[in-house]
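For reference, the structure discussed in these notes is given below.
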Amino acid sequence: LETRELRVPITKDPALFEKARQIGARLLWLHTYGERFVPPGENPGHIPPGNAKCTKAIPGEPDSYPESFEYNDTTKTLRVGAGKFAPVAPEVFEFEVSGLKVVQSWLAYRMKGGAGRKSSPLDDIDPESWPSQFTTELLELLWVLEKTVAGYAEQEKLLEDVVAGACFQADEFPSPPEHMRKPPK
C-alpha cells in the first residue's frame, strides 16, 4: 500500500452503500468465525454448517497421524491422511489471500512434522495424534470459505452497480489530519 494508490469506489446512493455495508459485515462475521458483526438470529462464535462433511474420520492413533493431504477435483474430495472430507469445491480448496492458499497452508502446518519457520523450541511441540478439534477447525474453515466464495456473484453485481452510479471523488472528502497519515508503529 505504500507504493500504490488505493482506489475504492464509494457510492453516493444510500441504498447501495447500505447493501455494501451489509455484505462487508457478513464477510467480517464469517472471517472472524462468528465473533464480530453477528447477524440477527445467529449465535456469536458459531458458523452455520456448509456442504463439506467429514466422510471418513482421521484415525486418532499416533501412528496414523497424517503426513500428507491431497485433493481430487473430480470427486471434490480432500484426503487428509486416511480421512476424507467431501464435497469440497475446487474454489474452496484453491482459495487464496495474497498468494497464500488458505486450506493448503492450514493443512501443511498441521501435518506430522509441520511446516513453516521454527522460531523457538515451542514450535516443535505437536500433538501425538490428530485431535478431533483439528477436524472441527478444518470443517469450519471449509464452511467459511464456501460461504465466502458463494457471495462472489452478489459482490460482483454490487460493484458493477456502484461503479455505474454516482461515486464520491477523493477531493470531496476532508483530508485526514497529519497524525492519521502516519503508519502504525
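No value in this document is a laboratory result; all are computed from the given coordinates. What you are looking at is a predicted structure, and each value in this text was computed from that prediction instead of being measured. Quick reminder, even Gly has a Cβ in these numbers, built from the backbone with ideal geometry, and neighbours come from all protein chains shown.
Compared with the dominant Cα axis of the chain, that is its longest principal axis, helix 132-150 is turned about 30°. From most to least packed by mean Cβ count within 10 Å, the peptides 136-148, 40-52 give 136-148, 40-52.
Between T55 and K101, what length in nm is gained on full extension when 0.36 nm per residue of separation is reduced by their alpha carbon distance?
Stretched out fully, the T55 to K101 stretch lengthens by 14.3 nm.
Segment 171-185 and segment 1-73 have Cα centres spaced 30 Å apart. Each pair of Cα atoms in segment 8-65 enters the Kirkwood radius, and Stokes-Einstein at 10 °C and 1.306 mPa s then converts it into a translational diffusion coefficient of 109 µm²/s. Does segment 63-108 classify as rounded, prolate or oblate by the C-alpha gyration tensor (a ≥ b ≥ c root eigenvalues; a/c under 1.5 gives rounded; else a/b over b/c gives prolate, otherwise oblate)? It is oblate, given that a/c is not under 1.5 and a/b is not larger than b/c.
With contributions of -39500 (n - 2.57) from each DSSP H run of at least four residues, the per-residue ellipticity at 222 nm computed over the chain stands at -11000 deg cm²/dmol. Computed extension gain for E172 through E70, at 0.36 nm per residue and net of the alpha carbon distance, reaches 31.6 nm. Axis of helix 14-31 versus longest Cα principal axis of the chain: the two differ by about 20°, to the nearest ten degrees.
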